[in-house]
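Accompanying notes for the structure given below.
Derivation of every value follows stated rules applied to the coordinates shown; laboratory data play no part. Computed from a predicted structure; not experimentally measured. Note: ideal-geometry Cβ built from the backbone for every residue, glycine included; neighbour counts use all protein chains shown.
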Amino acid sequence: MLPLLLLLLGTFAQAWAGVVRVDILDVGQGDAILIRTPASKAILIDAGEGDVSVPKLLAGLGVTSLDLVIATHPHADHIGGMDDVLDTFAVRNYIDNGLPHTTRTYEGVMARIEAKAIPYRTGIVGTSFKLDDGAVLEVLFPSATLLTNTRSDLNSNSVVTRLTHGEDCFLFTGDSEAPTELALVAAGLGQCDVLKVAHHGSNHSSTPEFLAAVKPKIALISVGNGNRYGHPGEETMDRLEKSGTTIYRTDLSGQITLLSDGKKVTVETRRAPPVPTVAAGEPAPSVAHAAPEAPAAGNPARPAHDLTPAAVGNMPAEACAYPASNSSEVFHEASCGHATRISPSNLVCYETRAQAIASGRRPGGCCKP
């Protein structure tokens with residue numbers, strides 16, 4: 001199997017000499033998050049709805065290419081600007097939650113990925129990426145068995161990631177909802193300094209149990225000014241404020257920048273924070289650590305590794321190493337995101353690459369099996 005993330009892998013440093021920068025971009029009612037490492041690797045999580053040009057925002061921040069793009073789920077306010085991103089920048093790797101959508105927006109994004117032969121996989125729990133300066137980005141959700149019959153299965157199966165840099169921790173939640181949070185807490189999710197609040201602060205997320213487990217010191221809400229959904233919800237804001245979290249919102253603070261040196265997180269905004277929990281006139285808060293803490297019980301540190309093969313339907317990946325569709329001339333690796341979209345009635349399995357080639361099919365351009 002070809003390694004997916006060689007370009008992302010770097011030396012695992014024992015001391016943190018650089019700064020990891022996280023920008024919560026101001027894209028209105030949507031999500032777009034940029035992560036940059038000391039060695040200038042760039043990771044984009046979501047791309048807004050398209051009303052605001054994410055490529056222009058990225059270019060203004062000095063981005064020339066993207067090492068990894070993560071689409072947390074296929075709703076338009078998260079992938080509406082993705083086609084422009086894929087058209088503008090060289091993208092080395094792309095992952096999403098493996099759930100298809102019926103919209104033209106989603107179909108257009110997937111068509112570009114295939115046409116540009118961008119390596120594409122489904123992000124599942126256990127997948128992690130070594131960056132540089134010791135930073136690691138882990139996928140915490142979804143699992144190979146997706147949540148079903150929730151209020152919104154697309155939201156509830158959002159790709160949830162955790163970025164750690166030294167003693168600093170960031171949790172990125174997409175539009176995950178209460179069932180997602182319950183599953184994460186049950187899996188042993190521990191404390192994390194910075195929380196990107198799920199679903200633009202909707203009342204369907206940020207449950208008391210979840211906040212009690214994460215204990216965030218800084219909460220970030222990406223939300224549009226005067227949006228028709230009423231985000232962020234009053235109940236969520238009340239829970240966040242009662243937890244003592246310092247809250248930043250893009251509708252009131254604009255772009256939010258967080259700087260991690262491995263020992264503390266500093267926050268910068270273009271405008272003063274609207275919901276401070278510090279006295280007026282004090283500098284933007286930072287999260288500092290006196291000493292490293294032991295991993296939370298049930299939440300051990302995971303070693304970083306290449307992308308783990310996803311299951312195809314209910315079939316283990318090893319049982320269908322090279323899947324194809326009856327209606328397609330190409331075959332894929334089991335871990336390819338396109339493979340997860342093949343319906344069981346159309347699924348053709350090959351145990352080896354040679355068998356797939358011998359059948360007359362060609363390798364898929366997205367995963368190059």
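With 24 Å as the limit on Cα-Cα distance, the pairs of 130/242; 56/217; 130/196 that go past it are 130/242; 56/217. Quick one: net charge around residue 356, please, counting Lys, Arg +1 and Asp, Glu -1 for every other residue with C-beta under 12 Å from its C-beta. Within the 12 Å Cβ shell, the charges total 0. Could you tell me the center-to-center distance, by alpha carbons, between region 88-129 and region 150-210 in angstrom? Here the answer is 21 Å between Cα centres. Ordered by the number of other Cβ atoms lying within 10 Å of each residue's own Cβ, fewest first, 231, 78 fall into the sequence 231, 78. Ordering 68, 252 by the number of other Cβ atoms within 10 Å of each residue's own Cβ, fewest first, gives 252, 68. Judged by the ratio a/c of the largest to the smallest principal axis of the C-alpha gyration tensor, region 20-288 counts as rounded, that ratio being less than 1.5.
Summing +1 for each Lys or Arg and -1 for each Asp or Glu among the other residues whose beta-carbon sits under 14 angstrom from that of residue 183 gives -4. Summing Lys and Arg as +1 and Asp and Glu as -1 over all other residues whose Cβ lies under 14 Å from the Cβ of residue 151 gives a net charge of -4.
Determine, from the Cβ-Cβ distance of residue 153 and residue 19 and an R0 of 51 Å, the FRET efficiency 1/(1 + (r/R0)^6), rounded to the nearest 0.05. Between residue 153 and residue 19 the formula returns 0.85.
Residues 125, 91, arranged from fewest to most other Cβ atoms within 10 angstrom of their Cβ, appear as 125, 91.
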